[in-house]
Amino acid sequence: MTPSDVKATLSFSDGSPAMDLPVYKGSVGPDVIDIRKLYAQTGKFTYDPGFLSTAACQSSITYIDGDKGELLYRGYPIEQLATNCDYLETCYLLLNGELPNETQKKDFTGLVTNHTMVNEQMQFFLRGFRRDAHPMAVMTGLVGGLSAFYHDSTDINNPEHREISAIRLIAKMPTLVAMAYKYGIGQPYIYPKNELSYAANFTRMMFATPCEDYTPNDVVVRALDRIFILHADHEQNASTSTVRLCGSSGTNPFAAIAAGVACLWGPAHGGANEAALTMLEDIQRAGGVEKIGEFIKQVKDKNSGIKLMGFGHRVYKNYDPRAKLMRETCHEVLDALGLQNDPLFKLAMALEKIALEDDYFVSRKLYPNVDFYSGIVQRAIGIPVSLFTAIFALARTVGWIAQLNEMIGDPEYKIGRPRQLFNGSVARNIKPIAQR
Ligand code: CMC
């Protein structure tokens, strides 16, 4: 951390001594005020529910400028990565800090490819779930369950264990998501085929059956690969912070990533893609484009509890750059599949236009986020709505691992232990039950 020339001074109106706080500069982005000695010197905590003003760690992986609508992985703009690289190159970049050269790419792809199969016993574990279980419930269980199958890579403090568990998780997530899908629809699992690319292999495991040959569609494969790249990391969001906090206790990597999957499930986070598509389907059923005005009115009414899903972001106060790329992919996929007149896509574009002109959204800087269009792409590809968040989890796994490994390697890392402002009962004595 680079110290800044500026110092912050904290003073109190009750005459308690003032305290100087060091300020540090990052390579770009807001400076941070170091409050680590605050409690020791003043006996006071800071209060910041939702971490609106708190940097919980230092990181060199992903940078977001929310006002500009900029997203960089290791310094590379997301637009360049989405256009020039594939997902496994992006994984290599996030894990290692640099893009691979040709040999490194070949070796890394080979390594991931050689770990795509899961222990055969996993399918019996999966069979314990109800067939109609939500895929995210299944994924939370399966990912956590990996720690029961791969005992030789569970020591988070061992760099070799961290490396092998990283490769295993990246390689096995598509296999597990496809197995969860096939189980839900009662079809046989399709084993991975290692001659295919990461995304092509996933489409085959999802959509092939043992009865027929299957040739992956190039446009679909490209679209999925782009979805994976766009979701690969997003700095210290809720699920990543969950993974860091969970991993900070020294638990094994599979358990920490399972915690990330559980957190991602929520509709304010990864579950928003499912919620956004369900919302579009509801508006479509209620009458389509003509009902947008009525729907927007409900969204603006604070008592309705209705939000425009796929809109708004804690960090982006401008158009989410991933949403722009996703909209582009949406056009490509719908054109290639002959779905140019897809009513939900038309509805989404009309809804976006109306919202972007409405003062409620403009004044709050609410723009479409990545989930606004990703559901339409996935639905066009044939992925059921309930599986959307599991695909997000598949893609985000590399980001979670990169962040977890960065934390373990940080000499300043400690177990995460937030404090609280206690406003419950002060100490009191238990009365005998007859007197309570
Ligand atoms: N629809 C209607 N109003 C909204 C929305 C929305 N989607 N998002 C925020 N607002 C309003 C909110 O009611 C508040 O209004 P007011 O100032 O009058 O009280 C204002 O905008 C600020 O919102 P906030 O809740 O303080 O913002 P936040 O940073 O805490 O929440 C968010 C961010 C993403 C949780 C929220 O925008 C939201 O719930 N969006 C819908 C869900 C969604 O699309 N989530 C996906 C995020 S991107 C994918 C990912 O990273 O997981």
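The values are calculated or read from the model by the stated rules, or taken from the named source; none is laboratory data. Please read all numbers here as calculations on a predicted model, not as lab measurements. All Cβ positions, glycine included, derive from the backbone under ideal geometry; neighbour counts span all protein chains shown.
Of the residues that sit in segment 1-37 and are among the polar types (S, T, N, Q) and under 22 Å from E70 (Cβ atoms), which one is modelled with the lowest pLDDT? The extreme case among them is T2. Taking the conditions exactly as written (touching a Leu at 6+ places or on another chain (Cβ under 7 Å) and either within 16 Å of the ligand (Cβ to nearest atom) or not β-branched (V, I, T) (or both)), does Y189 satisfy them or not? The answer is no for Y189. Residues that are under 19 Å from the mean Cα position of the chain (by Cα) and within 16 Å of the ligand (Cβ to nearest atom) do not occur anywhere in segment 192-212. The residue of segment 56-88 that is farthest from L325 (Cα to Cα), among those that are small (G, A, S) and surrounded by 17 or more Cβ atoms within 10 Å (Cβ to Cβ), is S59. Right, L224: of a type outside the set (K, R) and crowded, with 21+ Cβ neighbours inside 10 Å or not? Judged against the criteria, L224 is a match.
Could you go through segment 195-208 and let me know if any residue there is touching a Pro at 6+ places or on another chain (Cβ under 7 Å), crowded, with 23+ Cβ neighbours inside 10 Å and farther than 23 Å from L93 by Cβ. The answer is yes; a qualifying residue exists. Annotation: of all residues in segment 354-371 being more than 7 Å from the ligand (Cβ to nearest atom) and outside any helix (DSSP H, G or I), the one that is surrounded by the most Cβ atoms within 10 Å (Cβ to Cβ) is P368. All of R419, R327, R379 fail the test of being over 19 Å from E274 (Cα atoms) and surrounded by fewer than 24 Cβ atoms within 10 Å (Cβ to Cβ), apart from R419. Against the conditions (1) in a strand (DSSP E or B); (2) surrounded by 13 or more Cβ atoms within 10 Å (Cβ to Cβ), P3 satisfies every one except (2).
From the residues in segment 265-284 that are in contact with a helix residue (DSSP H, G or I) (Cβ under 8 Å, 6 or more places away or on another chain), part of a helix (DSSP H, G or I) and of a type outside the set (A, V, I, L, M, F, W, C), which one is farthest from the ligand (Cβ to nearest atom)? Checking each candidate, the answer is Q284.
Applying a threshold of 7 Å to beta carbon distances and a minimum spacing of six or more residues, or different chains, the list of pairs starting in segment 16-28 at a residue that is surrounded by 11 or more Cβ atoms within 10 Å (Cβ to Cβ) and ending at one that is assigned to a loop (DSSP other than H, G, I, E, B) and among the β-branched types (V, I, T) reads L21/I35. Please find, within segment 308-332, the residue that is nearest to the ligand (Cβ to nearest atom) out of those that are within 30 Å of N84 (Cβ to Cβ) and hydrophobic (A, V, I, L, M, F, W, C). Here the residue is F311.
Of the candidates T215, T209, the single residue that is among the β-branched types (V, I, T), without any contact (Cβ under 8 Å) to a residue 12 or more places away in the chain and not in a helix (DSSP H, G or I) is T215. Which one of the conditions (1) of a type outside the set (D, E, K, R); (2) surrounded by 13 or more Cβ atoms within 10 Å (Cβ to Cβ); (3) in contact (Cβ under 8 Å) with a residue 24 or more places away in the chain; (4) part of a loop (DSSP other than H, G, I, E, B) does Y47 fail to meet, given that it meets all the rest? Going through (1) of a type outside the set (D, E, K, R); (2) surrounded by 13 or more Cβ atoms within 10 Å (Cβ to Cβ); (3) in contact (Cβ under 8 Å) with a residue 24 or more places away in the chain; (4) part of a loop (DSSP other than H, G, I, E, B) one by one, Y47 breaks only (2). Here I401 meets the list (1) within 16 Å of the ligand (Cβ to nearest atom); (2) in contact with a Pro (Cβ under 9 Å, 6 or more places away or on another chain) almost entirely, failing just condition (1).
Can you find a residue that is more than 10 Å from the ligand (Cβ to nearest atom), in a helix (DSSP H, G or I), touching a Pro at 6+ places or on another chain (Cβ under 9 Å) and of a type in the set (S, T, N, Q) anywhere in segment 285-307? No, because not a single residue in segment 285-307 is more than 10 Å from the ligand (Cβ to nearest atom), in a helix (DSSP H, G or I), touching a Pro at 6+ places or on another chain (Cβ under 9 Å) and of a type in the set (S, T, N, Q).
Mind checking which residues of segment 285-312 are over 28 Å from the mean Cα position of the chain (by Cα) and touching a residue at least 60 places away in the same chain (Cβ under 8 Å)? Hits for segment 285-312 are V289, I292, G293.
Of the residues making up segment 67-97, those that are touching a residue at least 40 places away in the same chain (Cβ under 8 Å) and assigned to a helix (DSSP H, G or I) number 10. Do the conditions hold for S239, that is, is it near the ligand (Cβ under 10 Å from one of its atoms) and modelled with pLDDT of 95 or more? Considered against the rule, which asks whether it is near the ligand (Cβ under 10 Å from one of its atoms) and modelled with pLDDT of 95 or more, S239 comes out as yes. Against the test of being closer than 30 Å to G186 by Cα and in contact (Cβ under 8 Å) with a residue 12 or more places away in the chain, the options T113, T109, T62, T42 yield a single qualifying residue, T113. Which of the residues that make up segment 372-389 are out of contact with any Asp or Glu (no Cβ under 9 Å at 6 or more places or on another chain) and more than 16 Å from the ligand (Cβ to nearest atom)? Passing the criteria: I381, G382, I383, P384. Can you tell me how many residues within segment 321-369 are touching a residue at least 24 places away in the same chain (Cβ under 8 Å), closer than 16 Å to V299 by Cα and β-branched (V, I, T)? Within segment 321-369, residues that are touching a residue at least 24 places away in the same chain (Cβ under 8 Å), closer than 16 Å to V299 by Cα and β-branched (V, I, T) number 1.
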